[in-house]
Amino acid sequence: MVVPTLGNLVSGVIARSLAKGPRVYVNDMDKRMSGDGSQHEAAQDDPIALARAFSDARYGVALGGDPVEFRVGEGAGGIESRLPAAYYAFITAWNPEAESQPVGENLQSDDALVARLDGLGMDYRRSWAQAPDGAHREAGWLIAGIDPVRADALGRDFGQAGILSWVAGSTVRLHMLMAMPDGADLPHVDWIE
C-alpha cells in the first residue's frame, strides 16, 4: 500500500547536509529518487484519507548526527531536549496543491521556503516524511520557535494540504489547512480554515 506524505509522495528525498549547506544526497535510498518527481496515487480528493495518511507517516530529523523520529499524536521529547523552543513545526514545499511537480520545481519551491525561513530568522533543520514502510520519502524542514499561526500561514503560502505543529511538552498535531469535512473526527488532527 502506498501512503502519501505531507506534500504527496516522491520516491526519495534530496537533502542538504546542513540547513544552509549545499544540496547532497544523504543516503543510498535517496540516490534512488525518481528523476521526474512524480507522486504515487494519493488521496487528493479525500481529505479524511489524506489526513489519515499524514497521521500514519513517520517523520524524522537529524540532530547531532543522529536521526530522531517523531509522529503525529506522540510527544517529541527527543527533539525538544536537543533543540529547545516553545513551538515546533514540520513543513515541506514539495508538490504544492497536492499536485505532482518535477524534481526541479520541487527543489525551487524548497529553496524558496529556505529563503523565507532565513528571512524570518527561523531556526530550522532538514527533516523528512516517509510512508510507514519507508518506501517513499519527502524532504521538509523542522522549524523550532515558529508559533502555530505563523506555521499555518507558511504552509498555506507554499500550497500545502497540511503541516505538523506542536507546543513544547505536548503531542505533535497535524494541521490540515482546509475546512473540516463531515465525519473527520480524527485524533490529533486540527482542521484550520
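Computed from the coordinates by the stated procedures, all read-outs in this text should not be read as laboratory data. Given the structure is predicted, the values throughout are model-derived calculations rather than measurements. As a convention, Cβ positions derive from the backbone with ideal geometry for all residues, glycine included, and neighbour counts pool all protein chains shown.
Please state, to two decimals, what the Cα-based radius of gyration of the stretch 51-193 comes to when divided by 2.2 N^0.38 Å (N = residues).
In units of the 2.2 N^0.38 Å rule of thumb, it is 0.97.
Label 7 Å along Cα→Cβ of Ala112; the stretch 136-180 residues with amide nitrogen under 11 Å?
Within reach of a label on Ala112: 157-160.
Using every pair of alpha-carbon atoms in the stretch 101-152, split the distances into 5 Å bins beginning at 0 and state the percent of pairs per bin, rounded to integers.
Going out from 0 Å in 5 Å bins, the stretch 101-152 shows 5, 17, 24, 24, 18, 11, 3, 0 percent.
Return the distance in nm (one decimal) between the two label points of a simple spin-label model at Ala153 and Asp45, each offset 7 Å from Cα along Cα→Cβ.
3.5
Sorted from largest down, give the three principal axis spans of the alpha carbons of the stretch 123-169, whole angstrom values.
If we take the Cα atoms of the stretch 123-169, the spans are 32, 26, 17 Å.
What is the set of long-range amide H partners of Leu177 at a cut-off below 5 Å, with H atoms built 1.01 Å from backbone N?
Gly162, Ile163, Ile192
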